[in-house]
């Protein structure tokens, strides 16, 4: 039994994540998916709650060939403790898949094997790009799995992002 | 689509939880299972990590007729905010199943419908009772689903509980 | 201009507090009333929210001869920082009225003058006693100012206390 | 009895706030004024403590036609919990007055009615503008109610802001 | 270069600690001494601040044959993260000396070697016992190194403990 | 007995710090050195843990003429409480040496004497400058005491800084 770990903020979950997870599914028996910054929502960079992200991920992966766990992980705000924090919240895993330099460094220093997954259409399959398109009224739906569009409709997600983006000129 | 919420500390997950969840599975389309006090472990009342509890629950419910989510929920330590905290970490649900008076009160004040599930062999299907038996070397394995015994074996759970129970006489 | 500080948890506000504040009103120009453990509610020892306690106090003191401020103060959980915390949340004051040994010690170590107010019918004008009477269905309304009874009616306070006092036998 | 809620950081309290509160006073029976980011002080954007801000507001509103509460509210740092946090610290209110897009969104999602108050001389009646003028030695006293000038004198507020604005070139 | 770690709350530092550290000094090249619950003070079980405890320890060990570090360590309140927390606050060490069952368990699970030091006059060389004697006016000075008596005199430590032990009958 | 306090983040400890401490050593009997932002590590501005910084400082000051304490101090994130926090973690001191405007202001408001130490080669003896040189492969070793080079070698410090500086293009 080999278990792999993959973490992201999934704001929102998109085709790039989906592609990576489909590749990982070919290499391990089970996948543990961590939702980072779980306690943050309703901000420009993190508009959606952990629960909403659980829903996006679970529905999009309904047909995945390998079993997976979706685990919200709150920020611990201390890098030196972060790996222990992740390990305490997740079923034990054998390796971590990540391209994030800090994540790679922290797991490596902790002695957990790390593998960088192949990416897919990096420029557009990106949370930053998709949130920008949502704000500017540009095309974004084809960059995310169809179930994500449904979840965002249900929670009125694009309107939320646009409203909190308004500036009232005060600081 | 009707979703039900059930929360516990699952220290450890036992036949009483299993029975309740099997009953709930007959009444809803999906179950959201919250693991309370997720950040606490290695204490007499809370010996197991959230990740270990995720594993116990997921394996025990492998044959459940209805889809379920298992979500670790860290303590927020402010009762007046706890329902919002739970709601932010979970997919939206329609009703909460609980017999805990505080949980019942908090969800009721927040306007979420609450239902008290039927219990099963209350006296022995109890985390307190099972931890006591583990400590005293009494029979406990038949009080939990078989996969929980496997998980506890893998993580050396009973030895952990016994070691932290030792008293070194200092305070 | 002489300002005095008085702090309590006010769970609930009662005739003992009212008596003390009426005495203090004779000695200072303005009173700063701190509501301690402001973030705690819905527990046996702290059933009411800070906002509910603000209401009880403000209404009960409507006829007080001297101006007052009612300030919720969250626990800081570090005694050595507590006086600084209080000072940062309140308008500046000249002396503190308190009989609580820890409060007396902390303000004294910080160089703030402390005075112990005369008490009134200590045995029954006590939060512990009043909550016990609420739980046991005994007479309590004559131990609190009339506006407190109104507030507790509005928020269904006694029912809340009784519900969270129920025991479901689990730990 | 109709109660309205208004929140700001009041760094410092100025004529713009005063104007808005005078308008709200015509529409409700009582006003609850929340002081946001209550725990923050001695920074460029938040130079004054909650207690200092309580004083500025209370003195400036001494002649207001309608009763008001001034409540320091510490940041909870989780947007999804913020409305519950505010509600737990304040007497119950019927509607919220705010032009801040995030505040509007959060109360709206929580089902609390929100009304955007008319503004007054937006460009100069602004905390950002007033702090900038204090730093640069420009005219600012006519932008705040007279009692605010007194409070800032008492606490040596402008000197504090200028001192923490100095740069020692290190990061 | 071999470095050993020893942790305690040192409320107060006593002859038992001194004896253990003198034994450890014979076995390692440097000692890292962690002061646990560093942020807690002014309570019955933890009367003294971290800074006061730094002073007691450093002065008592002035003649120790081996170099040592004294490091205040704040509680992290999550057992699964505690070893990482300790490791981030201390110079790297090769083994931990402890008789505390939880400390032993946590370091062992983290793969850090643990050794139980020989104790010295366990019954009286105990923080609990010494605080009890201070409260009851019994002999305690001969149970601690002479410099600890000096520090406690300077900070008025016994009077502090006695004052916070007074009961004002309220909860 | 005169004790002086000096605080920095020491990311890393460099010749500028060393120079200042050698000057302070001529003016006081003991020095208390506070390591600020102790809980932060593995970031671009704060790459090293508190324990690593304890090691850099202690080894570099091995030959200092006056005794010193090295105390990690976690951020308290509330400026109004920061001085009390520092005082609770450190042995009592008589004056603070600092050029940081906020530190100067906070200690001054708290009534603690502050003295600005003479600086040494400000432009290059700077944490910001040294971290930049580490990142860009420029000369930095002669800007820090020799023992700091050794510590950074042992902990693979420059490689850590470079790895976390990599950009994966996602936010």
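Among the residues of the range D:136-156, the ones that are crowded, with 16+ Cβ neighbours inside 10 Å and over 16 Å from the mean Cα position of the chain (by Cα) come to 2 in all.
Scanning the range E:11-33 for residues that are more than 19 Å from residue E:114 (Cβ to Cβ) and buried (at least 23 other Cβ atoms within 10 Å of the Cβ) gives E:11, E:12, E:13, E:14. All of A:108, A:43 fail the test of being modelled with pLDDT of 95 or more, within 14 Å of chain F (Cβ to nearest Cβ), surrounded by fewer than 21 Cβ atoms within 10 Å (Cβ to Cβ) and touching a strand residue (DSSP E or B) at 6+ places or on another chain (Cβ under 8 Å), apart from A:108. Considering only residues in the range E:111-158 that are in contact with a strand residue (DSSP E or B) (Cβ under 6 Å, 6 or more places away or on another chain) and part of a loop (DSSP other than H, G, I, E, B), the one that is nearest to residue E:20 (Cα to Cα) turns out to be E:117. List the pairs whose first member sits in the range C:61-72 and is free of Cβ contacts under 8 Å to residues at least 60 places away in the same chain, whose second member is assigned to a loop (DSSP other than H, G, I, E, B), and whose Cβ atoms are under 7 Å apart, counting only residues at least 6 apart or on separate chains? Short answer, once both residue conditions are applied: C:66/C:28; C:66/C:29; C:68/C:61; C:69/C:91; C:71/C:90; C:72/C:38. Looking at A:36, A:8, just one residue is within 13 Å of chain F (Cβ to nearest Cβ), in contact with a strand residue (DSSP E or B) (Cβ under 6 Å, 6 or more places away or on another chain) and buried (at least 20 other Cβ atoms within 10 Å of the Cβ), and that residue is A:36. Quick one: is residue F:71 under 25 Å from residue A:76 (Cα atoms) and away from chain C (no Cβ under 14 Å)? Considered against the rule, which asks whether it is under 25 Å from residue A:76 (Cα atoms) and away from chain C (no Cβ under 14 Å), residue F:71 comes out as yes.
Taking the criterion of being within 21 Å of residue D:80 (Cβ to Cβ), out of contact with any strand residue (DSSP E or B) (no Cβ under 7 Å at 6 or more places or on another chain) and assigned to a loop (DSSP other than H, G, I, E, B), no residue of the range B:93-104 qualifies. For the range B:53-81, the set of residues classified as more than 21 Å from residue D:82 (Cα to Cα), outside any loop (DSSP other than H, G, I, E, B) and out of contact with any strand residue (DSSP E or B) (no Cβ under 9 Å at 6 or more places or on another chain) consists of B:56, B:59, B:60, listed by residue number.
Here residue F:90 meets the list (1) in contact (Cβ under 8 Å) with a residue 12 or more places away in the chain; (2) within 14 Å of chain C (Cβ to nearest Cβ); (3) farther than 18 Å from residue E:69 by Cα almost entirely, failing just condition (3).
Of all residue pairs spaced 6 or more apart or on separate chains, those with beta-carbon atoms under 6 Å, a first member in the range B:111-131 that is at pLDDT 95 or above and a second member that is surrounded by fewer than 17 Cβ atoms within 10 Å (Cβ to Cβ) and in a loop (DSSP other than H, G, I, E, B) are B:128/C:171.
Answer with yes or no whether residue D:66 is farther than 22 Å from residue C:73 by Cα, surrounded by 22 or more Cβ atoms within 10 Å (Cβ to Cβ) and more than 14 Å from chain A (Cβ to nearest Cβ). Considered against the rule, which asks whether it is farther than 22 Å from residue C:73 by Cα, surrounded by 22 or more Cβ atoms within 10 Å (Cβ to Cβ) and more than 14 Å from chain A (Cβ to nearest Cβ), residue D:66 comes out as no.
The single residue among E:28, E:32 that is in a loop (DSSP other than H, G, I, E, B) and touching a residue at least 60 places away in the same chain (Cβ under 8 Å) turns out to be E:28. One residue stands out in the range E:120-135 among those that are surrounded by 15 or more Cβ atoms within 10 Å (Cβ to Cβ) and under 15 Å from the mean Cα position of the chain (by Cα): the one that is nearest to residue C:120 (Cα to Cα), namely E:131.
The values are calculated or read from the model by the stated rules, or taken from the named source; none is laboratory data. All figures in this text were calculated on a predicted structure; none of them were measured in a lab. Neighbour counts run over all protein chains shown; Cβ positions are idealised from the backbone, glycine included.
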